[in-house]
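Data block below; observations after.
Computed from the coordinates by the stated procedures, all read-outs in this text should not be read as laboratory data. Please read all numbers here as calculations on a predicted model, not as lab measurements. Here the Cβ is made from the backbone with ideal geometry for all residues, glycine too, and neighbour counts use every protein chain on show.
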Amino acid sequence: MRRLLIFVLLTALFDERAADAAHLTYGWQNVDGINIFFREGGPPSAPTLVLLHGNPSSSVMYQELMERLTESQAIHVLAMDYPSFGYSDAPDHASYRYTFDNVTATVRKFLAARGVTRYGLYMQDYGVPIGFRLLAANPSAISFVIIQNGVIHLDGFPAAQDANGELRQHWVTRNAALDERRMDYVSKLTYPSATNWEESHLLSPDAILVMQVSEQRPGVIEARNDMWFDYGSNVASYPAWQAALKKAAPPVLVLWGSRDDYFTTPGALAYLRDVPHAEVHILDTVHFATLEAPDDIGRLVSDFLKRQHIDAHGNPSR
């Protein structure tokens, strides 16, 4: 009986620790007067993984993945919402420059304010050009790289391959009609319901609702249009980022939703040209793979980190 009681107590203690490890905390960090929302989990003394979200999502796309990772190992996870995204403030585009350089500067200041100096990167969509700006500026700060459906090669970006196409021309000379189309699309987004739901049954309406409500705040679509106009600066930087990745040669994991028709699978394979040692996994998911397959991605990321033997300082063993 005594042994049984001890076993029950130990089991309860283990379950409590597991629950504590998986629970995330939430808050806002003030950066230059802008309240930046963040999700955080795991012990701060453990290796840090910074997760940079895509457009038009926010850190909500990483909620379940962050929970899975903190359940499976000692890791510190941190994801923020960029200005105008998710639950972060949305300063007017007349007072805050919505360019990738400036948003990256805000991300850099956010990490400094949170005491993060060395970290691994998980990047998706817009998170890729932001993350590669961080890597190119300070490669010694980045211990490992995880890329999901985000490109630094035109191979995986069909809409941008034609130099005379609408996108590439818009990035040279801003097209007001394209801005208007984007504004009209956002204005017509409706509350998720049984009558208008066309997404996968694996995709949570909660995440979609956060995207929509965030994007429909006053002034936000104007800010997003500014950022989309600036996207051409990313394409121009692709060769430099490829060279930076090749030179830094961190451990690299590439995860790709094969049903993404915007950033396509050749974009995943293109990373092997820069880092032949990269692990590449093609998944049967959409663009926002972490919302459809957090368990699968959690296992792949956890296995990758364990194989790299990331130590308490975020350094992989070679």
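Please work out the Kirkwood hydrodynamic radius for the range 139-230, using every pair of different C-alpha atoms, and report it in angstroms with one decimal place.
On the way: mean 1/r = 0.0616 Å⁻¹.
Over the range 139-230, the inverse of the mean reciprocal pair distance is 16.2 Å.
Charge dipole (Cα centre; +1 on Lys/Arg Cβ, -1 on Asp/Glu Cβ; no other charges) of the range 130-180 amounts to roughly 240 debye.
With all pairs of separate Cα atoms included, the range 209-318 yields a Kirkwood hydrodynamic radius of 16.6 Å.
Modelled spin-label separation between residue 240 and residue 306, with each label point placed 7 Å from Cα along the Cα-to-Cβ direction: 4.0 nm. Between residue 109 and residue 177, the simple label model (points 7 Å from Cα in the Cβ direction) yields a spacing of 3.9 nm. When both bridge partners sit in the chain, DSSP labels roughly 35% of those beta bridges antiparallel. Within the set [x] 33, 24, 20; [y] 29, 22, 19; [z] 27, 26, 18, the number that semi-axes √(5λ) of the Cα gyration tensor in Å takes when calculated for this structure is listed as [x].
Kindly provide the helix-only [θ] at 222 nm of the chain, computed as the sum of -39,500 (n - 2.57) over DSSP H runs of four or more divided by all residues, to the nearest 500 deg cm²/dmol? Display every interim value, and only then the final one.
Details: 12 runs with 141 residues, N = 318.
Result for the chain, helices only: -13500 deg cm²/dmol.
To the nearest 20 Debye, how big is the dipole of the range 2-308 about its Cα centre, given +1 on the beta carbon of each Lys and Arg and -1 on that of each Asp and Glu? Spell out each step's value before the answer.
Numbers: 25 positive and 35 negative charges, 226 e Å.
The calculation lands at about 1080 debye.
For the chain, the longest principal axis of the Cα atoms and the long axis of helix 205-215 meet at an angle of about 40 degrees.
In the range 2-308, taking the dipole from charged Cβ atoms about the Cα centre, the farthest positive-side position among 170, 87, 66 is held by 66.
Quick check: residue separation of residue 187 and residue 233 times 0.36 nm, minus the Cα distance between them. What number comes out in nm? Could you put the intermediate results ahead of the total?
Details: separation 46, 0.36 × 46 = 16.56 nm, distance 2.71 nm.
Value of the extension gain: 13.9 nm.
Remind me, what semi-axes does the range 65-182 give for its equivalent ellipsoid, largest first in whole Å, using sqrt of 5 times each Cα gyration tensor eigenvalue? Working shown, then result.
Values: eigenvalues 168, 70, 40 Å².
Sorted largest first and rounded, they come to 29, 19, 14 Å.
Which whole-number percentage describes the relative contact order of the chain, with Cα contacts under 8 Å and a sequence gap of 6 or more? 21 percent.
Full extension of the chain segment joining residue 282 with residue 35 gains 85.3 nm, where the gain is 0.36 nm per residue of separation less the Cα-Cα distance.
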